[in-house]
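Have a look at the structure below, then the notes.
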Amino acid sequence: MKKIGLIIIVSLSIFLLACKSKKAITRQEPRGNKNNPTDINAKNDETYKTAVFKGIIGAKIRPGDCSFLAEAEYFDGKQSVSLNMDVCTKKDQYIYLNAKALGFVNVARLMIQPDSIRILDLINRKYISASYQFMKKFTQANLGFNELQNMIWANAFYDPEMNQTLLDSLGEQLILLLNMGNTQQKTMYNKAFILQSVLLSEQAKSQQMQVDFANFKNVDGINYPHNVVINISGEKKIECKFVISNFAGSIKKEPQFVIPKSYKVQVY
């Protein structure tokens, strides 16, 4: 069970890989303290916030489908695992992942759909089916299919909300802090509204996850990061590094997710 648990953690982390296109957005100046544009009150002027939020949300142009390969490196201070992953997604329908060890040994397949998370543990010959309530075992954040789909396109989990989000800047970076009660999301964007990092914090459980995006490349008009680093801290510290290759804004072949009759079934 420890092995499949490790695979699930690394596999779920792959959701944070990206593929989104961008369009130019004209940024408006705040009507607050114009002599000091870094003034926090000026940045939280409603007119300015509306313009920035509109730019961020407007930049979330997504392909209908996408597929790519990823080399994943997992380290938790005690053990290190390397996996190769095939990933493909179809908008609002599924996120599919096939994980391999040594580049050719299939170890797990993962099918994420709006109503379920399904896993084939090919090593231990198990089929695991879980609802999104299963995610509550790992996080208090409200994570469903839409949030995971946002992250596969390098968007933040959640869009900014006018009354719940503070806006600030640091140099060329825009910083947004979204307060959702027991969970906070801190995002950093560059001046083109491209997401550079997202930090999800849970105060009650004293745990957080930070994702950093880098090495953006444009393929087929889609701008996505080829390097992603995920750091999770809580009861233990986990680091996952991903390098993306062979990105395509389409799916060449629909994934097959067939459950062998001989597999043991676990439902959560």
## Note on the structure
Ranking 45, 159, 121 from most to least accessible area with a 1.4 Å probe gives 159, 45, 121
### FRET efficiency for residue 177 and residue 101, using Cβ-Cβ distance with R0 set to 35 Å, rounded to 0.05
0.35
### Query
Label residue 79 and residue 133 with points 7 Å out from Cα along Cα→Cβ: what is the distance between them in nm?
2.9
### Query
Roughly what would the spin-label model give for residue 235 and residue 69, points 7 Å off Cα along C-beta, in nm?
3.6
### Summary
Per the rule of 0.36 nm per residue minus the C-alpha distance, extending residue 206 to residue 265 adds in nm 17.9 nm
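Could you do me a favour and compute the accessible area per residue for region 51-196, 1.4 Å probe, result in Å²?
43
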### Carbon/sulfur fraction of accessible area - region 134-268, other protein chains in place, 1.4 Å, %
49
### Message
List the pairs from 78/217; 91/217; 60/91 whose alpha-carbon separation is above 24 Å, in the order I gave them.
### Response
78/217
#### Entry: Sorted peptide list for 248-257, 126-135, criterion being average Cβ within 10 angstrom, highest first
126-135, 248-257
### Task
Whole number in Å², please: accessible area per residue of region 202-268, 1.4 Å probe, ligands, DNA and RNA not counted.
63
### Message
Give the aspartates and glutamates reachable from residue 264 as a straight Cα distance under 13 Å; neighbours fewer than 8 places away on the same chain don't count.
### Response
121
### Message
How would region 140-203 be classified by its alpha-carbon gyration tensor: rounded, prolate or oblate, with rounded meaning a/c under 1.5 and the a/b versus b/c comparison settling the rest?
### Response
oblate
### Task
With a 10 Å radius around each residue's Cβ, average the other Cβ atoms per peptide and rank 188-195, 65-72, highest first.
65-72, 188-195
### Task
With a/c under 1.5 counting as rounded, go ahead and sort region 115-231 into rounded, prolate or oblate using the C-alpha gyration tensor (a ≥ b ≥ c being the square roots of the eigenvalues; past the cut-off, prolate if a/b is larger than b/c, else oblate).
oblate
### Query
Quick one: length gained pulling residue 227 to residue 253 fully straight, 0.36 nm per residue minus the C-alpha distance?
6.8 nm
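The values are calculated or read from the model by the stated rules, or taken from the named source; none is laboratory data. Keep in mind that what you see is a predicted model, and the values were worked out from it rather than measured. Note that each Cβ is placed from the backbone with ideal geometry, even for glycine, and that neighbours are counted across all protein chains shown. Heads up: the accessible areas ignore ligands, DNA and RNA and are worked out on the full protein's heavy atoms, side chains in. Shrake-Rupley method; radii C 1.70, N 1.55, O 1.52, S 1.80 Å.
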